[in-house]
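In what follows, a structure is listed as structure tokens, so that the remarks can point back to it.
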Amino acid sequence: MKTRTTLATFAATALAVTALPTAADAQSSEEQFIAIGTGGLTGVYYPAGGAICRLMNRDRAEHGIRCAVESTGGSIYNINTIQAGELDFGVAQSDWQYHAYNGSSKFAENPVPELRSVFSLHPEPFTVVAAADSGIESFEDLKGKRVNIGNPGSGQRATMEVLMDEYGWTEDDFALATEYKAAESPQQLCDGNIDAYLYVVGHPSANIEEAASTCGAQLVDVEGPVIDELIEENPFYRTATIPAGTYPGIDEDTTTFGVGATLVTSEEVPEDVVYELAMAVMMNLEDFRNLHPAFANLQATEMIYDANSAPLHRGAVKAYGQLGLLED
Ligand code: GLU
């Protein structure tokens, strides 16, 4: 595993503030560092990474692994950076886990056969957020509008490109196509600089909460024959509903399609590291569920068997076997 500069700096700071050497300091020189790539600060990947590291670091004295979270550009960035050996773990949408492992779609030229799954997390509906006065009531209504299609590296940008292909659209079909990061989008929307943005994200998320409560943003249905066909043809898409009342002023159910958030790693990451992480989460699943409302419904067997298309990492297999969670 590579030692990252940011983590080295973190360790140096931690030592600098320790006045007297303690047993813990002696041990820290042998500590292993792992980093989990997540997403924007107001999404769900970032708190998910935080929850995983919190459970992991609780038992640091026993396993000697210090876990840290990085805010990143999202799924595609995380997968590419794991492939480069610069991140140990990352959160990624199930559609991009599938394509990366299988070398399809955006990953046709750059397959990631060493990608491994650890577990899946919350569902992530493809979420279209529109300004209250935009007149946007369906996905098709985005045509001719000022739309934030997302930063390159994010899962929503990549999934939006798939949709644009299906609809036969290019960026020229929008009055303006911007590339703001998800965390910047609510303000851009509320300042009137864009009419809508897309986010493939778990609910509730601080991001959509911000847009809904600041300027009455609305969620838009994403449905119809094109979407039905995508769901039918691809194992990683399914229909999704964002229930009425999830956000202030959004009083109707929103129907769309979605993917799942998953935690991925590389075959190259040592067995014991993945084992300890999988154990920390699965043995404390009740605590984990309480760390974010989007995790409330997580079930161990679904986390192991749903939404993962890359094989489970051998460290995860070992953990789930010991916990009696593996099906024959
Ligand atoms: N699904 C988004 C992505 O892959 C991130 C969502 C989040 O940060 O919760 O980029």
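The values are calculated or read from the model by the stated rules, or taken from the named source; none is laboratory data. Everything numeric in this text was worked out from a predicted model, so none of it was measured. Glycine also receives a Cβ, built like all others from the backbone with ideal geometry; neighbour counts cover every protein chain displayed. Surface areas here come from the heavy atoms of the whole protein model, side chains and all, with no ligands, DNA or RNA. Shrake-Rupley method; radii C 1.70, N 1.55, O 1.52, S 1.80 Å.
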Being open to solvent by 10 Å² or more (accessible area, probe 1.4 Å), part of a loop (DSSP other than H, G, I, E, B) and either within 12 Å of the ligand (Cβ to nearest atom) or without any contact (Cβ under 8 Å) to a residue 60 or more places away in the chain (or both) is the filter here; which residues of the stretch 75-88 pass it? ALA84
Condition set charged (D, E, K, R) and more than 12 Å from PHE89 (Cα to Cα), scope the stretch 60-74, selection nearest to the ligand (Cβ to nearest atom): answer is ARG66
Out of the residues in the stretch 139-160 meeting the condition of being in contact with a helix residue (DSSP H, G or I) (Cβ under 9 Å, 6 or more places away or on another chain) and assigned to a loop (DSSP other than H, G, I, E, B), tell me which one is most open to solvent (accessible area, probe 1.4 Å). LYS143
Within the stretch 261-273, how many residues turn out to be within 20 Å of the chain's Cα centre (by Cα) and within 14 Å of ASP59 (Cα to Cα)? 0
Of the residues VAL91, VAL129, only one is more than 10 Å from the ligand (Cβ to nearest atom) and modelled with pLDDT of 95 or more; which? VAL129
ALA294, sole failed condition from (1) open to solvent by 20 Å² or more (accessible area, probe 1.4 Å); (2) more than 22 Å from GLU114 (Cβ to Cβ); (3) not acidic (Asp, Glu): (1)
Return the pair list, or none, for Cβ contacts closer than 6 Å from residues in the stretch 28-54 that are assigned to a loop (DSSP other than H, G, I, E, B) to residues that are aromatic (Phe, Trp, Tyr), at least 6 apart or on different chains. THR38/TYR45; THR38/TYR46; GLY39/TYR45; GLY39/TYR46
Need pairs with beta-carbon distance below 8 Å; first residue at positive phi and without any contact (Cβ under 8 Å) to a residue 40 or more places away in the chain and within the stretch 222-251, second assigned to a helix (DSSP H, G or I) and open to solvent by less than 40 Å² (accessible area, probe 1.4 Å); sequence gap 6+ or separate chains. GLY249/ALA212
